[in-house]
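The values are calculated or read from the model by the stated rules, or taken from the named source; none is laboratory data. Since the structure is predicted, the reported quantities are computational estimates derived from the model, not experimental observations. A quick note on method: Cβ atoms are made from the backbone with ideal geometry, for glycine too, and the neighbour counts reach across all protein chains shown. Ligands, DNA and RNA are stripped out before the accessible areas are found, and what is left, the full protein with its side chains, is counted by its heavy atoms. Shrake-Rupley method; radii C 1.70, N 1.55, O 1.52, S 1.80 Å.
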Amino acid sequence: MLTKRVLNRPGGSTRTAAHPATAHAVTAADCGLLLIRLTFGLLMAAHGVQKVFGLFGGPGLTTTGEGFAALGYHPGKLFATIGGLSELLGGIGLAIGLLTPLAAAALIGVMINAMATVTGAHGLWATDGGVEYSVCISVVALAVAAIGPGRLAVDRLFPWGAGGWKEAAFALGVGGVAAAITLSL
């Protein structure tokens with residue numbers, strides 16, 4: 001059988017039976033994952049920039065801090081800074097595929113806080129002010145941590161760059177613990 005001969009080939013060749021000449025070529029999956037990371041990550045980073053720096057039509061740190069204080073986060077400006085920087089740095093991390101599990105954790109933590117304090121009381125759908133948007137962000141961040149950032153990422157050079165159960169558990173665990181600590185203060 002061709003498959004048996006290819007899989008048992010001496011010398012440890014990395015070529016696969018399905019794509020013998022393209023084992024190291026960039027695949028559609030690599031490009032698709034890059035597209036998800038860039039779109040999602042840069043939009044999340046821009047969302048953080050709105051909060052922290054007031055760019056892209058955002059309210060800026062002072063107004064965002066007042067909003068956080070009204071939600072019970074004291075001091076509001078400090079928590080607005082933490083939330084905005086989590087979105088900014090987490091988004092950039094996902095976009096370039098750097099420290100992907102930690103970037104995912106930052107976004108998951110912020111979204112858990114958003115669901116607990118803002119959107120949770122309004123049900124599922126965003127049209128009613130519900131959790132739909134925050135759930136989608138959390139799931140995409142968790143999925144990228146689980147899948148890994150792909151071959152077109154800085155993390156490909158590090159042990160966590162392949163993704164996996166440990167990376168997903170880290171992202172969800174750290175994001176959840178950070179959210180719980182923030183909500184308890």
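When the residues of the range 42-90 are narrowed to those that are open to solvent by less than 40 Å² (accessible area, probe 1.4 Å) and in contact (Cβ under 8 Å) with a residue 60 or more places away in the chain, which ends up nearest to SER138 (Cα to Cα)?
Ranking the candidates gives MET44 first.
If I filter the range 121-132 down to residues being under 17 Å from MET44 (Cβ atoms) and not charged (D, E, K, R), which single residue comes out as surrounded by the fewest Cβ atoms within 10 Å (Cβ to Cβ)?
ALA126
Output the residues belonging to the range 148-167 that are of a type in the set (A, V, I, L, M) and at pLDDT below 95.
Within the range 148-167, LEU157, ALA162 qualify.
Restricted to the range 175-185, and to residues that are open to solvent by 60 Å² or more (accessible area, probe 1.4 Å) and either out of contact with any Ser or Thr (no Cβ under 8 Å at 6 or more places or on another chain) or among the acidic types (Asp, Glu) (or both), which residue is modelled with the lowest pLDDT?
The extreme case among them is LEU185.
Looking at LEU35, LEU78, LEU98, which one is modelled with pLDDT of 95 or more and more than 14 Å from the chain's Cα centre (by Cα)?
LEU78
Does at least one position in the range 7-19 carry a residue that is modelled with pLDDT under 75 and either in a helix (DSSP H, G or I) or surrounded by 15 or more Cβ atoms within 10 Å (Cβ to Cβ) (or both)?
Within the range 7-19 (the criterion being modelled with pLDDT under 75 and either in a helix (DSSP H, G or I) or surrounded by 15 or more Cβ atoms within 10 Å (Cβ to Cβ) (or both)), the answer is yes, since at least one residue qualifies.
Residue pairs, Cβ under 8 Å, 6 or more apart or interchain, first in the range 118-133 and without any contact (Cβ under 8 Å) to a residue 12 or more places away in the chain and on the phi < 0 side of the Ramachandran plot, second of a type in the set (D, E, K, R) and open to solvent by less than 90 Å² (accessible area, probe 1.4 Å). List them.
LEU124/GLU132; TRP125/GLU132; ALA126/GLU132
Only one of (1) free of Cβ contacts under 8 Å to residues at least 40 places away in the same chain; (2) in a loop (DSSP other than H, G, I, E, B); (3) under 17 Å from SER86 (Cβ atoms); (4) not charged (D, E, K, R) fails for ILE181. Which number is that?
Result: ILE181 passes all but (2).
Determine which member of the set VAL140, VAL135 is open to solvent by less than 70 Å² (accessible area, probe 1.4 Å), in a helix (DSSP H, G or I) and within 18 Å of LEU34 (Cα to Cα). Please lay out each step first, then the result.
On the way: VAL135 fails: within 18 Å of LEU34 (Cα to Cα).
Criteria check complete, one pass: VAL140.
Being open to solvent by 10 Å² or more (accessible area, probe 1.4 Å), β-branched (Val, Ile, Thr), touching a residue at least 60 places away in the same chain (Cβ under 8 Å) and at negative phi: is that true of ILE96 here?
Considered against the rule, which asks whether it is open to solvent by 10 Å² or more (accessible area, probe 1.4 Å), β-branched (Val, Ile, Thr), touching a residue at least 60 places away in the same chain (Cβ under 8 Å) and at negative phi, ILE96 comes out as no.
Specify which of the listed residues (LEU88, LEU107) is within 8 Å of the chain's Cα centre (by Cα), farther than 23 Å from ALA29 by Cα and at pLDDT 95 or above. Steps first, please.
Values: LEU88 fails: within 8 Å of the chain's Cα centre (by Cα).
Just one listed residue meets the conditions, LEU107.
Being more than 20 Å from THR182 (Cβ to Cβ) and not basic (Lys, Arg) is the requirement here; does ALA25 meet it?
Considered against the rule, which asks whether it is more than 20 Å from THR182 (Cβ to Cβ) and not basic (Lys, Arg), ALA25 comes out as yes.
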